[in-house]
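This report concerns only the one structure given below.
The values are calculated or read from the model by the stated rules, or taken from the named source; none is laboratory data. Computed from a predicted structure; not experimentally measured. Here the Cβ positions follow ideal geometry from the backbone for every residue, glycine too, while neighbour counts run over all protein chains shown. Just the protein is used for accessible areas: all its heavy atoms, side chains included, with ligands, DNA and RNA removed. Shrake-Rupley method; radii C 1.70, N 1.55, O 1.52, S 1.80 Å.
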Amino acid sequence: MTSPAFFLDNVSVRLGGGQESRLAIDQVTLAFAEGEQVAIIGPSGAGKTTLLHTLAIAHRPASGTVSMFNVDPWQCSDVERHRLRARVFLAPQAPPLPPRQRVVNAVLAGRLPQMSSWQALRSLVYPIDAPAATRALERFSLGNKLTLRCDRLSGGERQRVGLARMLLSNAPLILLDEPVSSLDPVLGASALETAQAEATDRGATMVVSLHDVNLARSHFTRLIGIRNGQVEFDTRADALQETQLAALYGPELSLAASDFALPESADSNPKLTRCY
């Protein structure tokens, strides 16, 4: 891997305060190169979301060092840290779309970091580039949803609107948290491929958390396994062992380890199998 653009060095993150505080990330060291695309897998509650939010400069580490764009965001002023956050695009598993907001405004929100306050307010009334929003939605088969209110969308449609918003962002770091969890296998694979193609075209680094192990293995060359807030493995997808998966998911593994394997037949389509 080339020189890392983003890295965590022995980082621990605690969530909550006082006696309710708990260790969510425990001494994690990871590096990501510019333009690299990586999938993070692991059981529920493993710390995947906390890791993404740490990369998004949303959680201040209790210990360790974070480097983003060659600086430690937590050693910067509040103003500079805000500028750094504007260079990161984070899509939560459930995009926070205001119910009464129109889809066109939700998608154009991807450009907010590039707008002045006046432009942002004006766009709420008169969307500044509705055609761009339409093109982004069409790439996720949502071209007919432009003027719909967000509370009329299904969970899967909301996730795709969140990904369409990403297309209008110019962020060099893209973080996606379970971006296709509400989609069927075929639509989910297609949506992920569209997002990956966008990241490739702009040379952005992409880190994606996924529950679907086969989807991760078939679409990413590097996989990171997280359990109990720690990195269990960081490996090439083609080198991942079934024993590593069994150890990663432990008691939560309801299928035999072999069920996680990609089909051997050249005619098989691994994108159609979901593993949790």
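For the reader, a short list of remarks on this structure follows.
- Rounded, prolate or oblate (a/c below 1.5 giving rounded, otherwise prolate when a/b exceeds b/c) for the range 185-245 by Cα gyration tensor: prolate
- Over the C-alpha trace of the range 1-41, radius of gyration and Dmax come out as 13.6, 42 angstrom.
- Charge sum, other residues only, whose C-beta stays under 15 Å from Val11's C-beta, Lys/Arg counted +1 and Asp/Glu -1: -1
- Remark: the range 122-185 carries 42 Å² of accessible area per residue (probe radius 1.4 Å; ligands, DNA and RNA excluded).
- Shape category assigned to the range 29-76 from the gyration tensor of Cα positions, a/c cut at 1.5: oblate
- Between amide H atoms placed 1.01 Å from N, distances below 5 Å from Gln37 occur with Met206, all of them 5 or more places distant or on a separate chain.
- Nitroxide proxy distance, nm - points 7 Å out along Cα→Cβ at Ser77 and Leu15: 3.3 nm
- Computed over the alpha carbons of the range 125-239, Rg followed by Dmax gives 15.5, 52 Å.
- In the full protein context, the range 9-97 carries 47 Å² of accessible surface per residue, based on a 1.4 Å probe and ignoring ligands, DNA and RNA.
- Simple point charges give the picture: +1 on the Cβ of Lys and Arg, -1 on the Cβ of Asp and Glu, and for the range 196-252 a dipole about the Cα centre of about 100 debye.
- For Val13, the residues whose amide H sits under 5 Å from its own are Ala24, Ile25, Asp26, Gln27, Ala62, ignoring neighbours fewer than 5 places away on the same chain, with H placed 1.01 Å from N.
- Taking amide H atoms as placed 1.01 Å from N in the peptide plane, the amide H of Phe6 lies under 5 Å from those of Phe32, each 5 or more residues away in sequence or on another chain.
- Gyration tensor (alpha-carbon) shape descriptor, the range 1-116, a/c threshold 1.5: prolate
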